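Chemist: Quick one: this structure, given as structure tokens, is what I'll be asking you about.
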Amino acid sequence: MQKKVSISDLKKLGGGKEKIFLDLGRGKRKRSGYIGVDTADLPGVDVVCNIEKGLPFEDDSIDGIYSSFLFEHISDTIFLFQEVYRVSKKDALIEFSVPYYQSMTQYKDPTHCAIITPETLAYFTNEDWYGSDYGINTNFETVEIKYQYLKPFNYFAHKKLFFLWPITYPIVLFSRRFLWNVVHSIIVKLRVVK
């Protein structure tokens, strides 16, 4: 087990701010005002840990987590979500980006271990449905899912050709679901429910 980083140490790392925000797996590209957490000791990384073995923070200690293209690199998706839930305070916001499951981006990188779809998120709620009896013990509320469209679909999806919107919107939805390389990635925002 990794040594836990105390709340007081996290506040020091965060510049003495009362709220604690983590940027997971971003190395030297961490967000301003966030505490950088990564497996590699790079510039900008404040806490070095093996995320595959858990997050070295106390329960209910984190106010928000941001991560860009890390979650697909973690082999145990359930454990990752359980750890994020464990360390997060009630109402903490979790924002992460992952490759879209029907994108070449998901499959070209040999270090990708997991596929996370918008439908995957239902497994991490307390909703009562056929997949809810796995005992995952997390409860996230989906706040928002943004689709990052590739060209030429981005012109239609973001209403750049607004006069064609009534015609193109159903085509975009159909294409997103059934065609490859329409969407590059998704940005997911979750709220922690405790």
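The values are calculated or read from the model by the stated rules, or taken from the named source; none is laboratory data. Predicted, not measured: the structure shown is a model, and the values here were computed from it. Using ideal geometry, Cβ is built from the backbone for each residue, glycine included, and neighbour counts are taken over all protein chains shown. Heavy atoms of the whole protein, side chains included, go into the accessibility calculation; ligands, DNA and RNA do not. Shrake-Rupley method; radii C 1.70, N 1.55, O 1.52, S 1.80 Å.
Chemist: Hey, can you rank 12-25, 39-52, 79-92 by average C-beta count inside 10 Å, highest first? Numbers along the way, then the final one.
Modeler: On the way: 12-25: 17.2, 39-52: 14.5, 79-92: 19.5.
So the order, starting with the most tightly packed, is 79-92, 12-25, 39-52.
Chemist: So how tilted is helix 77-87 from the main axis of the chain? Cα-based, degrees 0 to 90, rounded to 10.
Modeler: Taking the Cα atoms of the chain, the angle to 77-87 is about 50 degrees.
Chemist: So, one more: Counting heavy atoms of the protein chains only and a 1.4 Å probe, report the per residue accessible area for the chain as a whole number of Å².
Modeler: Working: 10560 Å² over 194 residues.
Per-residue accessible area for the chain comes out at 54 Å².
Chemist: Related question: Of the listed peptides 63-74, 177-188, what is their order by residue-averaged count of other C-beta atoms within 10 Å, with the highest listed first?
Modeler: Details: 63-74: 19.8, 177-188: 16.2.
Highest to lowest by the protection proxy: 63-74, 177-188.
Chemist: For labels at ASN137 and ARG29 in the simple 7 Å Cα→Cβ model, what's the distance in nm?
Modeler: Computed distance between label sites ASN137 and ARG29 equals 3.4 nm.
Chemist: Determine, from the Cβ-Cβ distance of CYS113 and ASP59 and an R0 of 25 Å, the FRET efficiency 1/(1 + (r/R0)^6), rounded to the nearest 0.05. Write out the running numbers ahead of the final one.
Modeler: Details: r = 26 Å, r/R0 = 1.03.
Efficiency, rounded to the nearest 0.05: 0.45.
Chemist: Right, another one. Using a 1.4 Å probe on the protein chains only, how many percent of the accessible area of the chain belongs to carbon and sulfur?
Modeler: Numbers: 5860 of 10560 Å².
Answer for the chain is 56 percent, counting heavy atoms of protein chains only.
Chemist: Sticking with this one: Give me the aspartates and glutamates in straight-line cross-link reach of LYS17: C-alpha distance below 12 Å, same-chain residues under 8 apart excluded.
Modeler: ASP9, ASP63
Chemist: Next up: For the chain, take the longest principal axis of its alpha carbons; what is the angle in degrees between that and the long axis of helix 165-178, to the nearest 10 within 0 to 90?
Modeler: With both axes taken from Cα atoms, the answer is about 60 degrees.
Chemist: Choose one answer from ILE94, ILE171, ILE145: the residue with the largest mean-square fluctuation in a GNM of the chain with alpha-carbon springs under 10 Å.
Modeler: Maximum fluctuation in the GNM of the chain, among the listed residues, is at ILE171.
Chemist: Moving to a separate point now. Find the all-direction average of the projected area of the Cα convex hull for region 49-138, expressing the result in square nanometres with one decimal place. Could the numbers behind the result be given before it?
Modeler: Details: hull surface 25.2 nm².
With the hull built on Cα positions only, its mean projection is 6.3 nm².
Chemist: Once fully extended, how much extra length lies between ILE187 and LYS90, figured as 0.36 nm per residue of separation less the alpha-carbon to alpha-carbon distance? Don't skip to the answer; put the middle values down first.
Modeler: Details: separation 97, 0.36 × 97 = 34.92 nm, distance 2.11 nm.
My answer for the length gained is 32.8 nm.
Chemist: At a probe size of 1.4 Å, how large is the accessible area of VAL143, to the nearest 10 Å²?
Modeler: In the full protein context, VAL143 sits at about 70 Å².
Chemist: Here is a follow-up. Return the long-range amide H neighbours of ARG26 (sequence gap of 5 or more, or a different chain), with a cut-off of under 5 Å between placed amide H atoms.
Modeler: VAL37
Chemist: Give LYS89/LYS146; LYS4/LYS90; LYS12/LYS90; LYS90/LYS151; LYS19/LYS146; LYS11/LYS108 a once-over and call out the pairs whose C-alpha atoms are over 31 Å from each other.
Modeler: Check vs 31 Å cut-off fails for LYS90/LYS151; LYS11/LYS108.
Chemist: Moving on to the next point. For region 1-63, just the Cα set please: Rg and Dmax, both in angstrom.
Modeler: Calculated on Cα positions, Rg and Dmax stand at 10.7, 29 Å.
Chemist: Express in nm, to one decimal, how much length is gained between ASP128 and LYS19 on full extension, taking 0.36 nm for each residue of separation and deducting their alpha carbon distance. Don't skip to the answer; put the middle values down first.
Modeler: On the way: separation 109, 0.36 × 109 = 39.24 nm, distance 3.27 nm.
Length gained, ASP128 through LYS19: 36.0 nm.
Chemist: A further question on this structure: For region 37-194, report the translational diffusion coefficient in µm²/s to the nearest whole number, using Stokes-Einstein at 37 °C, 0.692 mPa s, and a Kirkwood Rh over Cα pairs.
Modeler: 192
Chemist: Still on this structure: Once you keep just the Cα pairs under 8 angstrom separated by 6 or more residues, what percentage relative contact order results for the chain? Numbers along the way, then the final one.
Modeler: Values: 378 pairs, mean separation 37.2, N = 194.
For the chain, the relative contact order is 19 percent.
Chemist: Shifting gears a bit: Take peptides 105-111, 31-37 and line them up by average Cβ neighbours within 10 Å, highest first, as a rough protection proxy.
Modeler: Numbers: 105-111: 12.3, 31-37: 17.9.
With the highest mean Cβ count within 10 Å placed first, the list reads 31-37, 105-111.
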